[in-house]
């Protein structure tokens, strides 16, 4: 896709569609929250939600008592919508407008969450850079949770080609730096009554000598 401006594409999406008019709308992100609970993520843990946009995960994390949350999205419009929704609570969140492919963190995270940002990276160099960034920016015992469209899921989202994954391909993709904990498949029902099949995998950072 020559001359494709990813930032402008997502700004247009968020400027022209309401929250409940996008396929990823999820009032309660149950799968993501289950991973948080499964790993007993400490309330003072550094959590980052990559591609969080105006999703409701941050709302739930704040309500659960988490105190160090970062939300990153390529769209400033999406971030602003989330801030507006949260009102005064937004001051308790760190907001970053950046493309995940070129993000350069300044902190080490204990829980890295990515629901449907990773699968938009289709360029090999961008994929490698992103994985290396996660590895460099996670604490020694950090947990990574990645959710993407599965091989039974859509091939495109919002008009953009995505990269589908299976348990095997995602594990292979990340095995240089991460050890798989478990993978699950989940059917996400969109606001349009269609089903999107996701694969969610959790990983621990490999310990280096």
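The values are calculated or read from the model by the stated rules, or taken from the named source; none is laboratory data. Keep in mind that what you see is a predicted model, and the values were worked out from it rather than measured. Backbone-built Cβ (ideal geometry, glycine too); neighbour counts: all protein chains shown.
Restricting to the stretch 145-180, what's the tally of residues that are in a strand (DSSP E or B) and without any contact (Cβ under 8 Å) to a residue 40 or more places away in the chain? Walk me through it before giving the result.
Within the stretch 145-180, the subset in a strand (DSSP E or B) is 145-150, 156-157, 160-161, 165, 178-180.
Filter once more, so that each one left must be without any contact (Cβ under 8 Å) to a residue 40 or more places away in the chain: 156, 179-180.
So the answer is 3.
Working only within the stretch 106-122, note down all residues that are under 16 Å from residue 138 (Cα atoms) and buried (at least 18 other Cβ atoms within 10 Å of the Cβ). Reasoning before the result, please.
Initial filter on the stretch 106-122 (under 16 Å from residue 138 (Cα atoms)): 106-114.
109, 110, 111, 112, 113, 114 - these are the residues of the stretch 106-122 that are under 16 Å from residue 138 (Cα atoms) and buried (at least 18 other Cβ atoms within 10 Å of the Cβ).
The criterion of at least 2 residues that are within 18 Å of residue 83 (Cβ to Cβ) and at pLDDT below 90 is met, among helices (runs of 4 or more DSSP H) falling completely within the stretch 1-65, by 6-16. Among residues of the stretch 128-144 that are on the phi < 0 side of the Ramachandran plot and touching a residue at least 24 places away in the same chain (Cβ under 8 Å), those with a Cβ under 9 angstrom from a residue that is part of a helix (DSSP H, G or I) and exposed (fewer than 13 other Cβ atoms within 10 Å of the Cβ), sequence gap 6+ or separate chain, pair up as 129/102; 130/102; 133/102. State yes or no: is residue 44 farther than 27 Å from residue 14 by Cα, free of Cβ contacts under 8 Å to residues at least 24 places away in the same chain and surrounded by fewer than 23 Cβ atoms within 10 Å (Cβ to Cβ)? When the stated conditions are applied, residue 44 does not pass them. Does the stretch 181-209 hold any residues that are in a strand (DSSP E or B) and free of Cβ contacts under 8 Å to residues at least 24 places away in the same chain, and which are they? Answer for the stretch 181-209, where residues must be in a strand (DSSP E or B) and free of Cβ contacts under 8 Å to residues at least 24 places away in the same chain: 182, 183, 187, 189, 195.
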